Amino acid sequence: MEKRKAKRGLTELLMAGAIFSGVGIVFIPVGIFVGSENIEGNPFVFKAVFCGLGATVLIIGVLCLYLEIRQRDRINRLISSGQYIMAEISEITMNYAVRVNSRHPYIVVCRYQDMYGNIHLFKSRNLFFDPATILKDQMVRVYVDGEDFNHYYMDIDEMQKVCLI
């Protein structure tokens with residue numbers, strides 16, 4: 001059996017990390033090697049500003065990349081553990097907090113009632129297609145971290161495959 005991985009695509013953290021890291025990597029050598037002899041005043045200030053700004057931006061970029069890698073690892077670990085629950089789709093709504101190309105993405109909200117009567121709500125990642133046609137009155141697999149329902153992954157991609165076959 002092939003080891004399954006979550007499809008994350010190009011996320012905000014990945015893009016921000018790549019851009020910030022790239023800018024930081026460019027700024028540091030500029031601060032070190034660009035001839036600051038032509039700068040009036042203290043050339044050390046020029047080097048310190050460029051290197052300091054480059055190091056700060058590089059650290060922010062590396063931190064974003066680290067958080068993205070950690071999030072991907074957590075999701076892949078949830079999938080590989082195989083512990084999941086079947087949650088009922090309660091609503092499909094638009095995420096008005098996000099807008100890309102003047103369009104709001106969709107979010108699938110699922111609910112699950114555990115054996116103690118507690119109701120847990122799960123939200124999917126942003127979907128840039130209308131999932132209502134493929135997810136009508138269905139259950140969705142939600143991978144959870146044991147009894148801790150704060151760390152979860154809703155497997156919308158699996159539902160897409162089932163409906164496309």
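The values are calculated or read from the model by the stated rules, or taken from the named source; none is laboratory data. Small disclaimer: the values here were computed from a predicted structure and weren't measured. Counting neighbours? That spans all protein chains shown, and the Cβs are built from the backbone with ideal geometry, glycine included. When the accessible area is computed, the model is the full protein with side chains, heavy atoms only, and any ligands, DNA or RNA have been set aside. Shrake-Rupley method; radii C 1.70, N 1.55, O 1.52, S 1.80 Å.
Results, tabulated for the structure shown:
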quantity: Out of Asn118, Asn101, sole residue that is open to solvent by 50 Å² or more (accessible area, probe 1.4 Å), polar (S, T, N, Q) and within 24 Å of Gly17 (Cα to Cα); calculated: Asn101
quantity: Lone qualifier among Tyr112, Tyr143, Tyr106 - being farther than 11 Å from Ala87 by Cα and modelled with pLDDT of 90 or more; calculated: Tyr106
quantity: The range 124-143 residues that are charged (D, E, K, R), paired with ones that are part of a loop (DSSP other than H, G, I, E, B) (beta carbon under 7 Å, 6 or more apart); calculated: Arg141/Asp155
quantity: Single condition Asp157 does not satisfy, out of (1) farther than 30 Å from Val23 by Cα; (2) open to solvent by 50 Å² or more (accessible area, probe 1.4 Å); (3) in contact (Cβ under 8 Å) with a residue 12 or more places away in the chain; (4) assigned to a helix (DSSP H, G or I); calculated: (2)
quantity: Hey, Leu78 closer than 30 Å to Gly22 by Cα and either among the hydrophobic types (A, V, I, L, M, F, W, C) or free of Cβ contacts under 8 Å to residues at least 24 places away in the same chain (or both) or not; calculated: no
